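All remarks here apply to the structure that follows.
The values are calculated or read from the model by the stated rules, or taken from the named source; none is laboratory data. Values in this document were obtained by computation on a predicted structure and should not be read as measured data. As a convention, Cβ positions derive from the backbone with ideal geometry for all residues, glycine included, and neighbour counts pool all protein chains shown.
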Amino acid sequence: MLEEVERWLARRSWSAADRPLARLAAAKRASGTTVSVVLPALNEEATVGEIVAVVRRELMDGLPVPLVDELVVLDSGSTDRTAEVAAKAGARVVHRDEVLPRIPAVPGKGEVLWRSLLVTTGDVVCFVDADLRDFEAAFVSGIVGPLLTDPEVQFVKAMYDRPLGSAPGQGGRVTELVARPLLNLHWPLLAGFVQPLGGEYAVRRSLLERLPFPVGYGVELGLLVDALHTVGLDALAQVDVGVRVHRHQDGRALGRMAAAIYRTAQVRLSRGHLVRPELVQFERGEAGFEPRTYPVDTEERPPMREIEEYRARRVA
């Protein structure tokens, strides 16, 4: 198994610098492939505008062959100026509840990623988290590149350093404590992914529409595992885009994320009749430590190609 992972690392791990923009433009022109960039956003007014501005300036506006054809911010219920800032910077903003209204939306990142397939048209869909700081266009061009130049590649994750404050390499705590052990123990073919939970990845629509989407934080693990089983390891790849700086969660939020990751893995391991779990955490109150109970995300959306509205749009 280790030898297979090492062969994959040698064949399917690259740097963003390996594919200059001129090469990508030529490949895009030759193939006619279209690219949609989606930013799922919840109260990200401080960062979403700069991300949108960089994508528009460096990958869309004024280029003979724009690398990105469509830029959408999927607002999942922001109460700040996220939508206003994103629109002013040049994104098309769509509210989660406007998409597929016959199915009531539930909170969660995976929910908005799933719904984004209904409001985008690109042959390649590139997801980028909206809380990134010091954002560079390589976060998009790097992971889109292999999909434009290699027809065998279908799913590309970004890899990067994740500092925690001033401590290099200490970010990604849920990855190191939960996701990486789970993958190594149960899906060792995926052990070569540096950032399996990273929110920056690009996927061919033809694959995305075949995959179920966990509605919450487990979406990245779920998509990666299901893609492995659907198209095989050699169709998956990763690209080094440098350093990822973003807003960090507190320990309790990380606990809830970890529970969702574990549950997503559990569902894929068993597919059995499992009760909806809850996670109990503690906060100190006037009477001592008080329990707080949170539901663990377990709901999943079906593959988009099973949705009538999506099939009708594709036919049209």
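Kindly check whether there is at least one residue in the stretch 104-113 that is farther than 20 Å from P303 by Cβ and not polar (S, T, N, Q). Scanning the stretch 104-113 turns up at least one residue that is farther than 20 Å from P303 by Cβ and not polar (S, T, N, Q).
Criterion applied to A10, A26, A30 was being surrounded by fewer than 20 Cβ atoms within 10 Å (Cβ to Cβ), more than 20 Å from the chain's Cα centre (by Cα), modelled with pLDDT under 95 and of a type in the set (G, A, S), and the one residue passing it is A10. Within the stretch 224-257, the set of residues being in contact with a helix residue (DSSP H, G or I) (Cβ under 8 Å, 6 or more places away or on another chain), closer than 14 Å to K109 by Cβ and in contact (Cβ under 8 Å) with a residue 12 or more places away in the chain comprises M257 only. Against the criterion of being buried (at least 21 other Cβ atoms within 10 Å of the Cβ) and modelled with pLDDT of 95 or more, L183 does not qualify. Exactly one residue among E44, E98 is at pLDDT 95 or above and either aliphatic (A, V, I, L, M) or within 17 Å of the chain's Cα centre (by Cα) (or both), and that residue is E44. The requirement of being at positive phi and not polar (S, T, N, Q) is satisfied by D134. Note on the stretch 265-296: among residues that are more than 24 Å from P107 (Cα to Cα) and in a helix (DSSP H, G or I), the one that is modelled with the highest pLDDT is L269. For the stretch 243-254, taking the residues that are at pLDDT 80 or above and surrounded by fewer than 17 Cβ atoms within 10 Å (Cβ to Cβ), the one that is farthest from the chain's Cα centre (by Cα) is identified as R252. Scanning the stretch 33-53 for residues that are in a helix (DSSP H, G or I) and surrounded by 19 or more Cβ atoms within 10 Å (Cβ to Cβ) gives V48, G49, I51, V52.
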